[in-house]
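The values are calculated or read from the model by the stated rules, or taken from the named source; none is laboratory data. Owing to the predicted nature of the structure, the values given are computational and were not obtained by experimental measurement. Glycine also receives a Cβ, built like all others from the backbone with ideal geometry; neighbour counts cover every protein chain displayed. To get the accessible areas, we keep the full protein, side chains included, count just its heavy atoms, and leave off ligands, DNA and RNA. Shrake-Rupley method; radii C 1.70, N 1.55, O 1.52, S 1.80 Å.
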Amino acid sequence: MVELMAPAGNKEALRAAIANGADAVYLGGQDFNARQLAENFSRDEIVEAIEYAHERGVRVYVTVNTLIKNTELDDAIDYLYFLGENRADGVIVQDLGLAWAARKALPELKLMASTQMTVTNALGAELLGELGFKRVILARELSLDEIAGIKRKCRLEVEVFVHGALCFCYSGQCLLSSLVGGRSGNRGRCAQPCRLTYTLVDDRGRELEAKAEHLLSTRDLCTLELVPRLIQAGVDAFKIEGRMRRPEYVAVVTRAYRRAIDRYLENPEKFNVDPEEIREVAQVFNRDFTPGYLLGDPGAELMSYGRPSNRGIYIGRVAGKEAGRYLVRLEGPLRRGDGIEVWIREGHAGLMVEDIRVGGKKVEEAPAGTMVSLELPPKARPGDRIFKTSDASLLSWARSTYAFGREGRKIPVHMEVWSSPGQPFKIKVSDEEGHTGEAASTKPAEVAIKHPLTEEVLKEQLDRLGNTPYELKSLKINLQDRPMVPLSIINQVRRGALADLSVKRREAFPRSVPPRQEFRATVASLRREEEKRISRIPSLSVAVGSSEAAWVALEAGAERVYLGGEVWRGRENPSLPELQSLCEEARRQEREFFVAFPRVWQEREDHYIRRELDKWLGAGVRRFLVGNLGSLKLLAEYGLTGWADYTFNVFNDLTLQALKAWGVEGATLSPELNLEEIRKLRPILPLEAIVHGRFPLMISAHCVLGARLGGKAGRVVCSRPCEKTSFGLRDRLGFVFPVTTDTRCRFYLYNSKTLDVISALDLFKGTGVAMVRLELREKESSYIRRITRLYREALLCLKEGEVGALSALAEEVERLVGREVTRGHYFRGVL
């Protein structure tokens, strides 16, 4: 059986999800969840929600899916204990350190890997399984074939998003909101800059399109028609996105997927999707729909360039004007109270329909095909399109399904009653899962003089289950010797038996925590390892994108060189002889040479990655920079390890503990940490910080260049405009974000400003940072040579105590890169 999992951003949405067929809901508390801007649940409300759901046989998963700072670890671990103690069915986690701690201190708590962990291949899923995860929420960039392949190879439950908003970037790898606006998506505060307008420009800054559009804004995912293929791929849980959505949305979408799943399971050969279901889910909210990447790369058909918000359903165009009112030939039904938007030249004008006329007469509603006259904004013109953005009737129905006091789904129960004079009146109630509740009166029944208790009376009273989640399916009555029991006692005992059943149903869901004393002792032991704080001047590493650049970096003074990762469009993979020469040169100079895995790679690339690794090993390479869980697991298969890149989102001591347990050499810190937070880390591994360069703010499986300039849409092949020149995206403030693509057609969006902290390099001394990195993978050799020499000189100045010389070196950097320089988060951090 596949699990249908619905979002609950508040208590109403929780009721809406359960009433309309969800098998499970997921919700967030006030802290540590990736939707901090949602209403969310207090701790008391979480307990109430779990009890409410469990009584109705519905599982509750709680999101604890943000990166955790060192100062928050104790509270976060204690929060997990609270959730397990109160019978949460699982926790959705992003932070690797928190997951590692949970497995040590709370071994029975079900861990579910958030999509923020960027699991794109089976190897990554397998590694999380070794850590104790029971379920993985796969990246939304995967195809059906890739999902099926991952499911075949790993033993974890597989959860997939089936409906709702899509992120442009691989989840967990987006730094756009963080570094541009200071609001981190990894901390639940994404400002969604991807929904703003951008203009494509070339290397000279010339605009390539007539107007700015929402070039990073995706359509909404809808997979109703793919339900059979998702089930056949082995998907265990269908996840509906939408904790920020209204309860009516949750009701409508949950019902549609419930019906589709049930239809397929009941009769796979006759599965179909009712067009009315598609219309309803589109009406409640859509940015236009897409199957996402499930059927392959959709190109431009993934995107919603025209608008980033709800577009509604098209219902016609303005046909003309008559007597001060606008004529519209309806292509869909319209009624008073509906919301509409007129797409006028100046934008979108929204209003609520209050007056519909047909032939001059007021009507409550009008069907498709009717010519109606409406009151529209004065700027409306003939030909303007009209969209219905809300349907009053649909919303009213949706609200009725979860209105207080109503139960959308009833649980069948069976009752048995005993009554005889001198004995307590007794009821036993059982559900079809074997749970039983019992209650009896405190006083015995009496012998009836005039009105003995009858089966008819009992049936009438015991079937009054009204606002409870139960419905009576059968009743067995055992009456002896004309007993008399007041109706008030019958009702009281009935309520007591149902209350006892409710308790039994809730208690069937286990508490997944050890005794608190044992838990606290385990937590106290997690960070006892002795720290090895480094006070010396950091070494210098340089990340480059070509063999030529690697030679230049070594010549300019880099003590460590990272080569590769992504192979940029227009370049080639380093050859075997080139790698052999670099290995030999690094050994000769007593330098360190690493080959970098791609920061992101998907299941379909497994064979390619293994082939490349074999080539690297054949060239004598034995040290590697790894950017994802899959690469780390692959190296372990060869008996090797690697250095964890910044894409691992190292935020706290426990993440370092987890990485050390996996045998990594060291770790590059998250660029979202500030210097004070870095100082508070316990460097049980060698640490590295990025101090210069433009690293990607976004990594995406969707190529803007291919979709906008290369004609890529659906099965249409891209003409590869990326090979002709370089490009950027200009935002509404005039900043240009450089972009590039790799040979696997992934798209990289870089910061408009260059990170540089050469003037403050002395502040890294004593922080525990053993190495500072120049991130120059997309740069040309001349730039790499100059920047590497400047930083080499800066570190020598620090060694000799000449801190004052850093300001002069910073001026040289500014002359080279311009004034658009940022210090990143080192002096601010994220909330």
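Taking all pairs of distinct Cα atoms, average 1/r, flip it, and tell me the Kirkwood hydrodynamic radius of region 670-717 in Å to one decimal place.
Details: mean 1/r = 0.0683 Å⁻¹.
Over region 670-717, the inverse of the mean reciprocal pair distance is 14.6 Å.
Residues 551, 662, 616, ordered by accessible area of protein heavy atoms at a 1.4 angstrom probe radius and largest first, appear as 551, 662, 616. The long axis of helix 487-507 is offset from the longest Cα principal axis of the chain by roughly 20 degrees.
Just the projected area, averaged over all directions, of the convex hull on the alpha carbon atoms of region 182-300: how many nm²?
Details: hull surface 42.7 nm².
Approximately 10.7 nm², given one-decimal rounding.
Ellipsoid semi-axes for region 552-655, based on the Cα gyration tensor and the rule √(5λ), read 22, 18, 14 Å when sorted largest first. Using the Cα gyration tensor of region 12-65, with a ≥ b ≥ c the square roots of its eigenvalues, what is the shape: rounded (a/c below 1.5), prolate (a/b larger than b/c) or oblate (neither)? Note, shape of region 12-65 comes out prolate.
Greater than 21 Å separation of Cα atoms is the criterion. Which listed pairs, 428/476; 321/379; 153/270; 270/388; 473/504, meet it? Could the numbers behind the result be given before it?
Values: 428/476 10 Å; 321/379 12 Å; 153/270 30 Å; 270/388 32 Å; 473/504 19 Å.
Those over the limit are 153/270; 270/388.
Once Rg and the Kirkwood radius are both taken over the C-alpha atoms of region 410-540, their ratio Rg/Rh works out to 1.48. In region 721-831, a dipole from Cβ-located charges (positive for Lys and Arg, negative for Asp and Glu) runs towards its positive end, and of 725, 788, 807 it is 725 whose Cα lies farthest in that direction. Here, region 118-199 has an Rg and a Dmax of 14.9, 45 Å when only alpha carbons are counted.
Restricting to DSSP loop positions (anything but H, G, I, E, B) with no more than 16 other Cβ atoms inside 10 Å of their own Cβ, which GluC sites (Glu not before Pro) remain in region 779-831?
On the way: sites: 780, 793, 800, 802, 811, 812, 814, 820; in loops: 780, 800, 802, 820.
Sites meeting the loop and neighbour criteria: 780, 800, 802, 820.
Cysteines of the chain lacking any other cysteine beta carbon under 4.7 Å? Within the chain, the cysteines lacking a partner Cβ under 4.7 Å are 154, 167, 190, 194, 222, 583, 703, 718, 722, 745, 797. In terms of Cα atoms, the Rg and Dmax of the chain work out to 31.2, 110 Å. Once both axes come from the Cα atoms, what is the angle between helix 781-799 and the longest principal axis of the chain, in degrees from 0 to 90, rounded to 10? That works out to roughly 90 degrees. From its DSSP helices (H runs of at least four residues, each -39,500 (n - 2.57)), the chain gives a residue-normalised ellipticity at 222 nm of -9000 deg cm²/dmol. Accessible surface of the chain, 1.4 Å probe: 47 percent of it comes from carbon and sulfur atoms. Taking the Cα centroid of region 754-831 and of region 119-139, what is the distance between the two, rounded to the nearest whole Å? With region 754-831 and region 119-139 each reduced to a Cα centre, they are spaced 37 Å. By the rule of a C-alpha distance below 16 Å, with chain neighbours fewer than 8 residues away ignored, the lysines paired with residue 660 are 104, 532, 633.
Output the direction-averaged projected area (hull surface divided by four) of the convex hull of the alpha-carbon atoms of region 691-750, in nm². Could the numbers behind the result be given before it?
Details: hull surface 20.1 nm².
Seen from a random direction, the Cα hull of region 691-750 projects 5.0 nm² on average.
On the beta carbon distance between residue 732 and residue 322, with R0 = 45 Å, the FRET formula returns roughly 0.70. Computed over region 215-277, the percent of Cα pairs more than 18 Å apart is 41.
Average projected area of the Cα convex hull of region 610-691, in nm²? Write out the running numbers ahead of the final one.
Numbers: hull surface 22.3 nm².
Orientation-averaged projected area of the Cα hull: 5.6 nm².
A simple charge model with +1 on the Cβ of Lys and Arg, -1 on the Cβ of Asp and Glu and nothing else charged puts the dipole of the chain at about 980 debye relative to its Cα centre.
The share of alpha-carbon pairs in region 673-831 lying farther apart than 19 Å comes to 62%.
Please compute the alpha carbon radius of gyration of region 394-436, then divide it by the globular-protein estimate 2.2 N^0.38 Å. Two decimals is fine. Provide the component values of the computation, followed by the final result.
Details: Rg = 17.4 Å, N = 43, 2.2 N^0.38 = 9.2 Å.
In units of the 2.2 N^0.38 Å rule of thumb, it is 1.89.
Give me the extension gain from residue 272 to residue 715: residue separation times 0.36 nm, minus the current Cα-Cα distance, reported in nm with one decimal. Don't jump to the answer; show the numbers that get you there.
Values: separation 443, 0.36 × 443 = 159.48 nm, distance 2.47 nm.
Between residue 272 and residue 715, full extension yields an extra 157.0 nm.
Both radii are taken from the alpha-carbon atoms of region 60-115; with Rh as the Kirkwood radius, Rg/Rh is 0.91.
Applying the Karplus relation 6.51 cos²θ - 1.76 cosθ + 1.60 with θ = phi - 60° to region 585-597 yields 3J(HN,Hα) values of 5, 5, 5, 4, 8, 6, 10, 9, 10, 10, 9, 9, 6 Hz, where x marks Gly and Pro. Straight-line cross-link reach from residue 712 at under 18 Å between alpha-carbon atoms covers these lysines, not counting any fewer than eight positions away in the same chain: 724. Taking Cα atoms only, the orientation of helix 547-556 departs from the longest principal axis of the chain by about 60 degrees. For the set 1, 698, the ranking by accessible area, highest first and with no ligand, DNA or RNA atoms included, is 1, 698 under a 1.4 Å probe. When the chain is described by a simple charge dipole with +1 on each Lys and Arg Cβ and -1 on each Asp and Glu Cβ, the residue from 608, 454, 93 located farthest towards its positive end is 454.
Under 1.5 on a/c is rounded, so check that first for region 61-202, then, if it is not, pick prolate when a/b is larger than b/c and oblate when it is not; a ≥ b ≥ c are the square roots of the alpha carbon gyration tensor eigenvalues. Here region 61-202 falls in the oblate category.
Report, to two decimal places, the Cα Rg of region 303-380 normalised by 2.2 N^0.38 Å (N = number of residues).
Numbers: Rg = 12.6 Å, N = 78, 2.2 N^0.38 = 11.5 Å.
In units of the 2.2 N^0.38 Å rule of thumb, it is 1.09.
Between the alpha-carbon centers of region 362-388 and region 255-283, tell me the distance in whole angstrom. If we compute the Cα centre of each part, the gap is 31 Å.
Per 0.36 nm of contour for each residue apart, how much would the distance between residue 637 and residue 460 grow if the chain were fully extended, relative to their Cα-Cα spacing? Write down the numbers at each step before the final one.
Details: separation 177, 0.36 × 177 = 63.72 nm, distance 6.79 nm.
Full-extension gain reported as 56.9 nm.
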